[in-house]
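Laboratory data are not the source of any read-out in this text; all were calculated from the coordinates shown. The shown structure was predicted, so the numbers you read here are calculated from the model rather than taken from an experiment. When we count neighbours, we look across all protein chains shown, and the Cβ atoms used for this are built from the backbone with ideal geometry, even at glycine.
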Amino acid sequence: MKVSRPGRSGARLPGGDMVHQEGLSSVLSDFARTMLTSFPIQAILEHLVERIVDVLPVSGAGVTLIATGLGPRYVAASSGDALAFERLQTELGEGPCLTAFERGTAIAVPDLAADDRYPRFGPAARAANLAAVFTFPLRHDDGRLGALDLYRDVPGSLDLESEVAAQTLADVAAAYLLNAQAREEALQAAEWLRDKSLHDALTGLANRTLLQERLEHASQRSQRWHRPAAVLFVDLDRFRAVEDAYGDSTGDQLLKSVAERLSALLRPGDTLARVSADEFVFLCEDLSHTSDADVLVSRIIEAFAAPFTVPGGQLALTASVGIAYDGPAEAMADALVLDASMSMYQTKRLPGAANQVIDLRVTDPAHVRNQLERDLQLALSQGELDVAYQPIVRAADAVVTGAEALLRWTSPSRGAVPALTTVAVAEQCGLITEIGAWVLERACRERGRWLAEYTDQPLDLSVNVSPRQLMGPGFVAMVAKVLAETAMEPAALVLEVTESVFIDEGDRARRVLGELKALGVRLALDDFGTGYCSLNYLQQFPVDIVKIDQSFVANLGRDAPASAIVTAVTHLTHVLGMTVTAEGVETAEQREEVVGIGCEHAQGFLFARPLTAREFAAQII
């Protein structure tokens with residue numbers, strides 16, 4: 001074997017080598033540029049060893065990385081022969097590469113035939129026509145990452161200029177490796193964050209954000225290719241009663257089992273999402289005919305025929321299914337899921353409704369939607385709407401510091417309607433402004449009553465505000481009016497907004513939020529991490545509190561990236577002068593994690609479920 005490079009002489013004279021300064025400057029310039037790019041580590045280091053042979057008087061070069069506690073790992077070599085020598089050292093566990101790494105100093109072997117430090121590597125290398133090796137550690141701070149090996153096929157020393165150049169290149173390579181490693185770790189963390197933000201923490205299914213993406217994509221495809229899409233809305237009947245009777249752990253296991261059964265029904269290209277505690281949505285794209293979705297409906301109902309195995313026995317469970325199809329004028333992302341959910345609620349109104357389905361091709365969707373809107377208007381006028389309150393506690397000692405007000409609608413004919421559905425209907429029919437004002441006033445008055453009758457301790461009140469409500473005319477004036485009429489101190493009111501308002505409304509949102517801050521109201525960014533908001537937005541908008549979504553909290557203590565990301569977000573939030581609330585804390589272990597990370601506040605089932613105003617006063621205050 002002969003280490004050689006085409007176009008270069010194999011013979012070198014000791015001390016007669018000169019570094020090509022122009023070439024060295026070019027290599028260093030390449031590294032300076034690539035440290036600012038996303039070039040992969042492997043490609044850059046392979047380019048490095050190839051260029052080294054051009055600018056230094058050597059026949060071959062290689063780079064080996066060595067991690068503490070692990071064996072050496074070849075990274076790059078200028079040729080197959082150089083690669084063989086890299087591998088030979090790692091296989092024998094002996095050679096200048098390992099010595100340079102261990103000592104942190106350069107190792108020169110100008111004549112392998114006259115050097116007895118490597119009794120196994122030396123003879124094997126000489127047999128392959130290697131004559132000399134010069135190794136330079138890849139140094140960083142007080143540690144090493146590996147080593148750069150330079151090979152020659154004739155004996156002889158490197159001149160001082162070449163040695164200095166080689167160590168300079170090794171140090172630059174180490175700096176690049178650290179930079180690239182940090183970049184790759186950041187990209188991996190971002191990808192993990194992106195994945196977690198698009199999937200339900202309990203079941204691993206798509207969440208509302210990912211479903212929204214897929215719906216918009218499906219709408220475009222449907223319009224372009226004239227192939228219908230369908231949405232199937234699946235609601236588990238009496239799931240709340242099951243959870244109350246058997247506990248949260250059994251409820252979680254049941255939801256996982258349901259997710260597994262439903263996932264088994266998916267066609268390639270379909271999406272299954274969990275959109276609330278006991279509600280699932282199928283998105284079926286590229287249907288050749290609407291009857292394809294009918295087949296899936298039948299299979300969904302069949303999936304609930306067999307009981308579900310849970311700790312301690314088996315449970316029978318039924319489901320109600322609604323179905324809706326897109327059409328030429330359908331606002332896919334906004335209306336299709338709502339139509340399917342209304343179809344499902346129509347199903348629940350049927351006698352013996354378990355495992356039944358209503359198809360909005362038969363029941364006019366406009367009629368169903370109008371009926372739901374009329375029911376909501378009636379609910380507002382007849383007092384069917386209510387507000388529940390979930391405690392927000394100081395994470396370190398679980399002392400209650402506030403409450404989040406949550407809209408509730410219990411319809412005599414429909415039962416409990418999910419808040420997301422209620423808000424969606426309210427926004428579509430123009431009731432969101434009136435309902436939002438009602439919730440705010442109701443919650444502020446309730447807090448005033450608590451302070452007057454039960455406690456003199458400070459108590460913050462958090463109220464959710466939908467984007468359409470926030471950006472509607474007169475919102476700031478309405479808030480000011482409610483504060484004045486209820487004699488509530490503005491600093492005790494926290495208005496929670498979601499990331500979408502930053503992205504969709506931009507300067508308009510900044511102006512409205514600034515006006516709210518001028519009133520003395522505090523602002524919270526809700527469900528942080530479930531959308532596309534970056535930390536950069538926190539610098540641009542006057543936010544006081546960041547609420548980390550429960551999908552991240554659920555993985556604390558079990559998933560290192562989750563802990564790392566929540567820790568980083570918490571630290572950066574603190575640097576910006578904001579506080580952090582961890583949502584969805586359900587276990588003592590999760591509470592320990594959020595306390596250790598530095599989250600000031602927490603809320604979740606560990607402390608209390610949402611309560612009526614009377615229950616909150618009796619149990620919490």
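Below are the figures for this structure:
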| item | result |
| --- | --- |
| Subset of 196/517; 196/547; 196/256 violating a 21 Å alpha-carbon distance limit | 196/517 |
| Listed peptides 274-285, 151-162, 478-489 by packing density, highest first (mean Cβ within 10 Å) | 274-285, 151-162, 478-489 |
| Three-way shape label, the stretch 119-278, alpha-carbon gyration tensor, a/c 1.5 | prolate |
| Packing-based exposure ordering (other Cβ within 10 Å, fewest first) of 176, 389 | 176, 389 |
| Ordering of 566-577, 301-312, 121-132 by burial proxy (mean other Cβ atoms within 10 Å per residue, highest first) | 121-132, 566-577, 301-312 |
| Using a Förster distance of 41 Å, the FRET efficiency for residue 381-residue 592 (Cβ separation, nearest 0.05) | 0.30 |
| Fewest-first sequence of 86, 593 by Cβ atoms within 10 Å of each Cβ | 593, 86 |
| Contour excess over end-to-end distance, with Cα ends at residue 568 and residue 396 and 0.36 nm allotted per residue | 60.0 nm |
| Residues 103, 261, sorted so that the one with the fewest Cβ neighbours within 10 Å comes first | 103, 261 |
| Packing-based order for 446-452, 52-58, using average beta carbon neighbours within 10 Å, highest first | 52-58, 446-452 |
| Straight-distance crosslink candidates among aspartates and glutamates, where the alpha carbon sits under 18 Å from residue 481 and sequence neighbours closer than 8 are dropped | 434, 441, 446, 489, 515 |
| Reciprocal mean inverse distance between Cα atoms of the stretch 386-621 - Kirkwood radius, Å | 18.3 |
